[in-house]
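What follows is a short report on a single structure.
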Amino acid sequence: MKKLKILFILPICALFSCSEDDGAITNYDLGANVVLNTSSLSNLDEDHTMEFSILTADDVSVSGVAVSTGENTTDATISGDIATFNSSLLGTLNGQEEDGIDITAVTTLSNGLPYSKDFNVAITKALSLEKGLEAITYNSSVEDTLTFAASTKSAIIDNISLEWKNGKEGTYAPTTPLGEALDVDGNEIIFANFTDESYGYNLAVKDTLYYRFIATSGSLTDTLETFIPIISQTFEAANSVSLSSDLSINKLSLDTATFYGDTNTEDGEIKFQNPAGFEKEGDTDIDFVKVGDLSGENEHYNTVDKLFSEKDLLVAQRLYEAGTAETGFSEVKKGDLYIYKITRATEDEEEVTKYGMIKIGDVITTNGGTTQTDISIEYGEAEIK
């Protein structure tokens with residue numbers, strides 16, 4: 001055993017006794033300490049060798065370490081300055097992840113002093129998510145990656161299986177998204193161009209994919225559940241502006257939400273059209289489709305307000321392609337919704353195409369020295385990837 005030539009004066013290895021008669025405190029130097037080296041286990045490690053380190057002063061030896069938890073007690077095996085016992089003493093580990101398991105080590109010292117020390121063994125899940133997913137973006141070429149891992153102290157994981165279901169109330173069924181068995185140490189599951197046909201899940205926007213990983217080690221199992229909403233491609237936020245017949249501010253760059261005067265022929269992308277509408281400006285590569293009856297759409301998109309609120313560009317693209325594109329509208333009214341498609345050149349002279357929505361608000365005409373019409377609009381756009 002390791003021999004220490006210093007006195008143990010820390011509270012962790014000292015025993016105090018109080019005398020009620022005079023209030024004096026006597027500090028007994030134990031000359032020994034026990035340290036739990038195996039401070040954590042996975043919930044599959046029900047047959048793992050747990051280890052204590054024993055530290056003693058020159059004139060003290062340890063002849064026994066009794067380990068207990070609840071009503072279960074075992075004598076640790078001492079070899080040199082190490083004492084070991086089996087984790088089977090702790091019973092079932094699955095379900096103990098929140099608080100861990102408390103144990104007590106009662107050590108028999110050659111100096112006859114009593115020594116009892118409490119420990120907590122942390123219990124972790126064998127399965128974990130190294131990279132979770134907040135959502136899977138429908139029909140996007142941008143990869144969404146879910147990464148899971150499996151780890152134990154010594155338990156051998158025989159296999160990891162995976163199940164899926166649609167929504168909380170669905171029923172789990174086996175799935176192999178990688179086309180082969182999952183690696184027992186963990187894997188990446190990559191979602192790209194995800195549609196209702198992917199993996200045979202038949203999931204659409206607004207559905208939620210539930211995954212349940214199951215790690216098996218002999219007769220023991222650990223499970224890990226995660227859920228991932230299926231979302232559409234959208235624009236992030238809407239701009240609120242007023243398009244005016246005032247010739248000093250009658251042109252608008254949708255890209256920058258900046259107004260320009262009628263004499264500016266370089267920067268505007270749309271402009272006010274008499275008597276109360278809008279149209280493309282100059283050679284801007286833009287056109288528009290007015291949204292018609294939406295009553296046949298999914299309940300999330302069956303009104304103008306719902307569609308604009310969802311900001312769903314995949315629906316917008318479909319409505320645009322099904323409609324008749326125009327370069328402008330001379331009269332609009334409150335509540336109208338227009339889908340637009342615009343192509344711009346980047347600084348690298350590459351072309352980027354975006355889809356957007358324009359929702360018409362109040363249309364106000366005032367008569368002062370001159371007649372002026374202002375059209376309140378909300379709009380937003382983004383590239384579909």
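Tell me whether the range 344-353 contains one or more residues that are open to solvent by 50 Å² or more (accessible area, probe 1.4 Å), free of Cβ contacts under 8 Å to residues at least 24 places away in the same chain and under 30 Å from Ile230 (Cα atoms). Scanning the range 344-353 turns up at least one residue that is open to solvent by 50 Å² or more (accessible area, probe 1.4 Å), free of Cβ contacts under 8 Å to residues at least 24 places away in the same chain and under 30 Å from Ile230 (Cα atoms).
If the condition is being open to solvent by less than 60 Å² (accessible area, probe 1.4 Å) and either in contact (Cβ under 8 Å) with a residue 60 or more places away in the chain or not in a strand (DSSP E or B) (or both), then the range 253-280 contributes Leu254, Ala257, Gly261, Asn264, Gly268, Glu269, Phe272, Ala276, Gly277, Phe278.
Reported count of residues in the range 57-77, each being surrounded by fewer than 18 Cβ atoms within 10 Å (Cβ to Cβ) and either part of a strand (DSSP E or B) or in contact with a Gly (Cβ under 9 Å, 6 or more places away or on another chain) (or both), is 13. State whether the residues of the range 156-178 include one that is in contact (Cβ under 8 Å) with a residue 60 or more places away in the chain, touching a Phe, Trp or Tyr at 6+ places or on another chain (Cβ under 9 Å) and crowded, with 16+ Cβ neighbours inside 10 Å. So far as the range 156-178 goes, no, none of its residues is in contact (Cβ under 8 Å) with a residue 60 or more places away in the chain, touching a Phe, Trp or Tyr at 6+ places or on another chain (Cβ under 9 Å) and crowded, with 16+ Cβ neighbours inside 10 Å.
Among all positions in the range 143-153, there is at least one residue which is farther than 30 Å from Leu313 by Cβ, open to solvent by 60 Å² or more (accessible area, probe 1.4 Å), touching a residue at least 24 places away in the same chain (Cβ under 8 Å) and touching a Leu at 6+ places or on another chain (Cβ under 9 Å).
Which of the residues that make up the range 179-189 are within 23 Å of Thr137 (Cβ to Cβ) and surrounded by fewer than 13 Cβ atoms within 10 Å (Cβ to Cβ)? Answer for the range 179-189, where residues must be within 23 Å of Thr137 (Cβ to Cβ) and surrounded by fewer than 13 Cβ atoms within 10 Å (Cβ to Cβ): just Gly179. Residues in the range 226-241 that are open to solvent by 30 Å² or more (accessible area, probe 1.4 Å), within 30 Å of Ala150 (Cβ to Cβ) and touching a residue at least 60 places away in the same chain (Cβ under 8 Å): Pro229, Ile231. When Thr223 is tested against (1) surrounded by 18 or more Cβ atoms within 10 Å (Cβ to Cβ); (2) in contact with a Lys or Arg (Cβ under 7 Å, 6 or more places away or on another chain); (3) of a type in the set (Val, Ile, Thr), just one condition goes unmet, and that condition is (1). Remark: pairs (first residue in the range 39-57, closer than 16 Å to Val67 by Cα; second residue of a type in the set (D, E, K, R); Cβ separation under 6 Å; 6+ apart in sequence or on different chains) = His48/Lys153; Ile54/Asp81. Scanning the range 84-117 for residues that are assigned to a strand (DSSP E or B), within 17 Å of Ala57 (Cα to Cα) and either open to solvent by less than 50 Å² (accessible area, probe 1.4 Å) or touching a Gly at 6+ places or on another chain (Cβ under 8 Å) (or both) yields a count of 4. Residues that are β-branched (Val, Ile, Thr) and over 17 Å from the mean Cα position of the chain (by Cα) within the range 117-146 comprise Val121, Ile123, Thr124, listed in sequence order.
The values are calculated or read from the model by the stated rules, or taken from the named source; none is laboratory data. Predicted, not measured: the structure shown is a model, and the values here were computed from it. Cβ atoms come from the backbone with ideal geometry, glycine included; neighbour counts cover every protein chain shown. Quick note on the areas: whole protein, heavy atoms, side chains included, nothing else; ligands and nucleic acids left out. Shrake-Rupley method; radii C 1.70, N 1.55, O 1.52, S 1.80 Å.
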